[in-house]
Amino acid sequence: MQPKSAVVHGTYEAAEEEEEEEVMVKTEFVWADGAEHDVKLSGAWNGWMPVQMYHEGGGMWSVVTPVPAGTHEFKFVVDGEWKHSTRHPTVGDDEETMNNVRVIRGPPKQSAQTNAASPRPGAGDSRAPTPLPEQKSGCCTIS
């Protein structure tokens, strides 16, 4: 049975769809409860397809993966067994239906009024737009 997604800020990427743009946020997930051989991350945003996590030593496993902005449920596959983490918020009633949940926030939306008030680059304003700051891959850890 497939399992049935904490607030995070990451690096923003845009992924184009046919009708509307979906905002993807590079998000780090951490499993800190050890494993014998293998840990994978599986979530609603990718149809519950497991993504390999990387052993960091000391019982820590992590992966950075793009996740659409929104609320998503996820679980870990630890040595072949579906598990939820006690270090993340959960939804569900029992062990079989319990999943972790996470809110992924995209970039702030600008209103039409804000866009109209912002000067265009080169339109009498020598200031160029400020890019988003680079963040380390560990910036988004919630364990």
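Read the figures in this text as sums done on the coordinates, not as results from a lab. If you're wondering where the values come from, they're calculated on a predicted model, not measured in any experiment. For neighbour counting, all protein chains shown are included, and Cβ atoms are generated from backbone atoms with ideal geometry for every residue, glycine included.
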Evaluate region 19-81: find the radius of gyration of its Cα atoms, find its Kirkwood radius, and give the ratio Rg to Rh. 1.02
Taking 0.36 nm per intervening residue step and subtracting the Cα-Cα distance, what contour gain separates GLU21 from ASN46 on full extension? 7.3 nm
Hey, what do the phi angles of region 40-54 turn into as Karplus ³J(HN,Hα) couplings, whole Hz, using 6.51/-1.76/1.60 and θ = phi - 60°, x for Gly and Pro? 10, 9, 9, x, 5, 5, 10, x, 6, 7, x, 10, 4, 9, 10
The exposure ranking of GLU81, GLU56, fewest beta-carbon neighbours within 10 Å first, is GLU81, GLU56
